[in-house]
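Worksheet: the structure to be examined is printed underneath.
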Amino acid sequence: MKSLYGKFILFTIGIMLVSSLLAFLGVNTFYHQKLKVQTDEKNVEIAIGVADTINQTENTELDALLSTIATVGYKIIIVNNAEEVTFYGEDFRVNNLSEQAIQQVLQGDVYHGMRDFPRETFVTGFFADETANTAGVPFEHKGETHALFMRPNIKMLFTEVHLLLGGMFIGMAVISIIGMIFLARQLIKPIVKLTKATKQVSNENFSVNLPTGRTDEIGLLAKSFLAMANEIEAANQLRKQFINDLTHDLQTPLQNIQGYAGLLQDSELTVETQLEYAEIIQTETRRLSTLSKQLLLLTTLDSHTSILFKKRINLAEQIKLTMRKYHWMTDKREISVISEIADCTYDGDPDFLEKVWDNLFSNACKYTQECGLIELHLFETEQAIIFTIKDDGIGIDANQLPHLFDRFYRADSSRQTAIAGTGLGLSIVREVVSLHDGKIDVESALGAGTLFTVTLPK
Ligand code: ADP
């Protein structure tokens, strides 16, 4: 039985059978230990009652009396002194009354055939329709000793009420089995649907239809599954987009390098043109090198869920070093830099954090016009260390801000001004900051400068 449905039914029927068997064994034991003796006592009492009635009334019509008793539900055997046997009531299934039992009663003793009936596990003595399974007592009739053996007629004991109860039990069993089959089907149905949906998702078909209206565990499972499918779809989309962007970003500089390298082979070029082409090849090679370094860094960041290497860092020193690194650029473009850097230390990954200041500062330099202004602040509050960098450069359109930290995203403003870039810097910044459990915010408007705020919790 491989299916859950089959197993469920098999187990339930198995449980029903085992419980019935255990109940039967319990009842059987109870019968042998207690009920058997009680039944014997009760029947001996009835037999004595019958014998007393016969003893007390001399002129009893024995035949008529015994026949009447038989019709109300008893099977009776009478044995006289001459050992002549007369039966009243329905026939016994087995006639195995021993000679010894007959003699015992004729000599005045009581026969406890029901109490002493052999112990059998599965056939309770209560139902054994045998002459040995009777209560026997002596009585006197017309001066002669007789033996009276009797037991209830089981067939007659099964009255309409018993039939009704039996029918009710069978009905209950049938209804519960049908109900159980129906229930199993209802329980398994959503699981079958989920299995189908899983196959669909694994084939990259994400438009799965699952009922999410249920409030039970199955409903929760369906909701979680849909959420998971949506996330896989988004991740899949992102992966495709990433490969697409990456291919494009690799293709463009490679094409340029190939093209200009081909042009350089022309021997009639002036030295000036040759230098110009060589410069372009250099720029494109630098771009490829930056791109591959950034990709490598992003892959490293992706494989981390928390900072592995933590060290006490002097952030003020690190930021000042970054400013010095880009001094040539600010100098060349006559950009003024105002900074207010408090002496802050922080426990974090020094290499990763250096990339944050580097990317934010180089962006501020890149996207600010000549003679612009960059302002930097580093300060400490009770809960966090805060770094802000503000420029009065080209700014970013408000509706592009939500995508700013996406991989390969470049705002229109920077594309239009043809400023070189890969669109990976800010995603690296965000990854590093969130690995330190911090956050980065941006405020900007087209043509009105940009402000980035990095918050690192202590
Ligand atoms: P890039 O290599 O293109 O600079 P980034 O991920 O660092 O990549 O930045 C993504 C985009 O965000 C940039 O292309 C630019 O459009 C925009 N951007 C980032 N910093 C600034 C800034 N200081 N001023 C204006 N635009 C910015």
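Scanning the range 367-402 for residues that are loosely packed, with under 13 Cβ neighbours inside 10 Å and over 24 Å from Thr322 (Cα atoms) yields Glu382, Gln383, Ala398, Asn399, Pro402. Looking across the range 94-125, the residues that are surrounded by fewer than 16 Cβ atoms within 10 Å (Cβ to Cβ), modelled with pLDDT under 90 and of a type outside the set (S, T, N, Q) come down to Asp116, Pro118, Arg119, Glu120, Phe122, Val123.
Selection of first residues in the range 338-366 that are within 16 Å of Gln294 (Cα to Cα) and of second residues that are part of a strand (DSSP E or B), restricted to Cβ pairs under 6 Å at least 6 apart or on distinct chains, gives the following pairs, ordered by first then second residue: Leu360/Ile389; Leu360/Phe452. Touching a Lys or Arg at 6+ places or on another chain (Cβ under 8 Å), over 26 Å from Thr299 (Cβ atoms), near the ligand (Cβ under 8 Å from one of its atoms) and not in a helix (DSSP H, G or I): does that describe Thr368? Judged against the criteria, Thr368 is a match.
Per-residue answers, yes or no, for (1) free of Cβ contacts under 8 Å to residues at least 12 places away in the same chain; (2) in contact with a Phe, Trp or Tyr (Cβ under 9 Å, 6 or more places away or on another chain); (3) of a type outside the set (S, T, N, Q):
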position: Leu148; (1), (2), (3): no, yes, yes
position: Ile154; (1), (2), (3): no, yes, yes
position: Leu157; (1), (2), (3): no, no, yes
position: His162; (1), (2), (3): yes, no, yes
position: Val174; (1), (2), (3): yes, no, yes
position: Thr195; (1), (2), (3): yes, no, no
position: Glu204; (1), (2), (3): no, no, yes
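The condition (being among the hydrophobic types (A, V, I, L, M, F, W, C) and surrounded by 10 or more Cβ atoms within 10 Å (Cβ to Cβ)) is satisfied by just one residue among Val208, Val161: Val208.
Are any of the residues in the range 374-394 of a type in the set (S, T, N, Q), closer than 24 Å to Gly423 by Cβ, assigned to a helix (DSSP H, G or I) and within 52 Å of the chain's Cα centre (by Cα)? No, because not a single residue in the range 374-394 is of a type in the set (S, T, N, Q), closer than 24 Å to Gly423 by Cβ, assigned to a helix (DSSP H, G or I) and within 52 Å of the chain's Cα centre (by Cα).
Which residues, taken from the range 387-435, are under 20 Å from His377 (Cβ atoms), touching a Gly at 6+ places or on another chain (Cβ under 9 Å) and either of a type in the set (Lys, Arg) or near the ligand (Cβ under 8 Å from one of its atoms) (or both)? Hits for the range 387-435 are Lys390, Asp391, Gly393, Gly395.
Residues considered: Leu378, Leu360. Of these, the only one that is within 9 Å of the ligand (Cβ to nearest atom) and not charged (D, E, K, R) is Leu360. When you scan the range 2-11, do you find a residue that is of a type in the set (Gly, Ala, Ser) and more than 30 Å from Leu148 (Cα to Cα), even just one? Checked against the condition, which is being of a type in the set (Gly, Ala, Ser) and more than 30 Å from Leu148 (Cα to Cα), the range 2-11 yields at least one hit.
When the range 441-458 is limited to residues that are crowded, with 20+ Cβ neighbours inside 10 Å and more than 10 Å from the ligand (Cβ to nearest atom), the one that is nearest to the chain's Cα centre (by Cα) turns out to be Leu456.
Checking every residue in the range 297-305 against the condition of being of a type in the set (A, V, I, L, M), over 26 Å from Ser427 (Cβ atoms), out of contact with any strand residue (DSSP E or B) (no Cβ under 6 Å at 6 or more places or on another chain) and buried (at least 17 other Cβ atoms within 10 Å of the Cβ) gives zero matches. In the condition set (1) of a type in the set (A, V, I, L, M, F, W, C); (2) closer than 25 Å to Gln294 by Cα; (3) touching a Ser or Thr at 6+ places or on another chain (Cβ under 7 Å); (4) outside any helix (DSSP H, G or I), Ile307 is compliant with all but (3). For the structure I just gave you, tell me whether Tyr326 is of a type in the set (Phe, Trp, Tyr) and either more than 43 Å from the chain's Cα centre (by Cα) or within 13 Å of the ligand (Cβ to nearest atom) (or both). Answer is yes for this residue.
Quick check on Arg312: is it surrounded by fewer than 12 Cβ atoms within 10 Å (Cβ to Cβ) and over 26 Å from Phe408 (Cβ atoms)? Before you say what the answer is, go through the steps one by one.
Values: surrounded by fewer than 12 Cβ atoms within 10 Å (Cβ to Cβ): yes; over 26 Å from Phe408 (Cβ atoms): yes.
Yes; evaluated as a whole, the condition is true for this residue.
Out of Ser224, Ser303, one residue alone is among the polar types (S, T, N, Q) and under 24 Å from Gly438 (Cα atoms). It is Ser303. Residues satisfying the criterion are present in the range 412-428 (criterion: in a helix (DSSP H, G or I) and of a type in the set (Lys, Arg)).
Report yes if Leu250 is in contact (Cβ under 8 Å) with a residue 40 or more places away in the chain and either in a helix (DSSP H, G or I) or of a type in the set (A, V, I, L, M, F, W, C) (or both), otherwise no. Give the steps one after another, and end with the answer.
Values: in contact (Cβ under 8 Å) with a residue 40 or more places away in the chain: yes; either in a helix (DSSP H, G or I) or of a type in the set (A, V, I, L, M, F, W, C) (or both): yes.
Considered against the rule, which asks whether it is in contact (Cβ under 8 Å) with a residue 40 or more places away in the chain and either in a helix (DSSP H, G or I) or of a type in the set (A, V, I, L, M, F, W, C) (or both), Leu250 comes out as yes.
Condition check for Phe225 on (1) within 30 Å of Gly6 (Cβ to Cβ); (2) more than 15 Å from the chain's Cα centre (by Cα); (3) among the aromatic types (Phe, Trp, Tyr): one failure, at (2).
Gly26 meets the conditions (1) touching a residue at least 40 places away in the same chain (Cβ under 8 Å); (2) under 60 Å from the mean Cα position of the chain (by Cα) in every case but one. The failed one is (1). Six or more apart or on different chains, Cβ atoms under 7 Å: show the pairs whose first residue is in the range 378-402 and among the charged types (D, E, K, R) and whose second is more than 16 Å from the ligand (Cβ to nearest atom). From residues that are among the charged types (D, E, K, R), the pairs are Glu380/Ala342; Glu380/Cys344.
For every residue, the table says whether it meets (1) modelled with pLDDT of 95 or more; (2) touching a strand residue (DSSP E or B) at 6+ places or on another chain (Cβ under 6 Å); (3) among the polar types (S, T, N, Q).
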residue	(1), (2), (3)
Asn363	yes, no, yes
Glu375	yes, yes, no
Glu380	yes, no, no
Ile386	yes, yes, no
Asn399	no, no, yes
His403	no, no, no
Leu424	no, no, no
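The values are calculated or read from the model by the stated rules, or taken from the named source; none is laboratory data. Remember, predicted model here, so these are calculated numbers, not experimental data. Every residue, glycine among them, receives a Cβ derived from its backbone with ideal geometry; neighbour counts consider all protein chains shown.
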